[in-house]
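Take a look at the structure below.
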Amino acid sequence: MVLLTDDNKTTLIITLNIIYVLVIYILFAKIFGNLIDNAFIKLYNSDNNKKSNMTLLIEISVQFGITASICYGLRRIIDLLPFPFQNYKGYKKIRFNDIHTEAGIIWSTFVLLFEPKFINKLTLLKKNMTNF
């Protein structure tokens, strides 16, 4: 029977922390990505083909700005959530702050990926601009 050494336990705890943070970020991304996308569908007309390039650009900029602000705020809130192995074998979540920074970037990307109407607007704007 192989017993875990202290180094292996620390590596396991770090790996569990990364998985824990990513799962939380993906769940929040799915929830808030859908909420933001649906709010903008109701706020603006959903027929993007009839809109001018300037209107699409303004809508994309506003939606991206709001999404970025929400991502930043929620990331700060998520960072306050306790990690189940905090202080176990001297492990401190703060010591591995880079994990949360990288996960925050990944999370922001996931939020945008869970906004299909936003992606459709970007695609339509790109198509219109290349035909310009």
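Table for the structure above
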| read-out | value |
| --- | --- |
| Rounded to whole Hz, the Karplus (6.51, -1.76, 1.60) HN-Hα couplings of the range 28-33, x for glycine and proline | 5, 4, 4, 5, 6, x |
| Too-long pairs where the Cα-Cα distance tops 23 Å, listed order kept, from LYS30/LYS126; LYS30/LYS127; LYS30/LYS50; LYS30/LYS121 | LYS30/LYS126; LYS30/LYS127; LYS30/LYS50 |
| Two-site FRET efficiency, ASN49 against THR109, from Cβ-Cβ distance with R₀ of 35 Å, rounded to 0.05 | 0.85 |
| SER61/ILE31 FRET efficiency (R0 25 Å; Cβ-Cβ; nearest 0.05) | 0.60 |
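Each reported figure results from applying straightforward, stated rules to the coordinates on display, with no laboratory input. Please read these numbers as outputs of a predicted model, since none were measured by experiment. Here the Cβ is made from the backbone with ideal geometry for all residues, glycine too, and neighbour counts use every protein chain on show.
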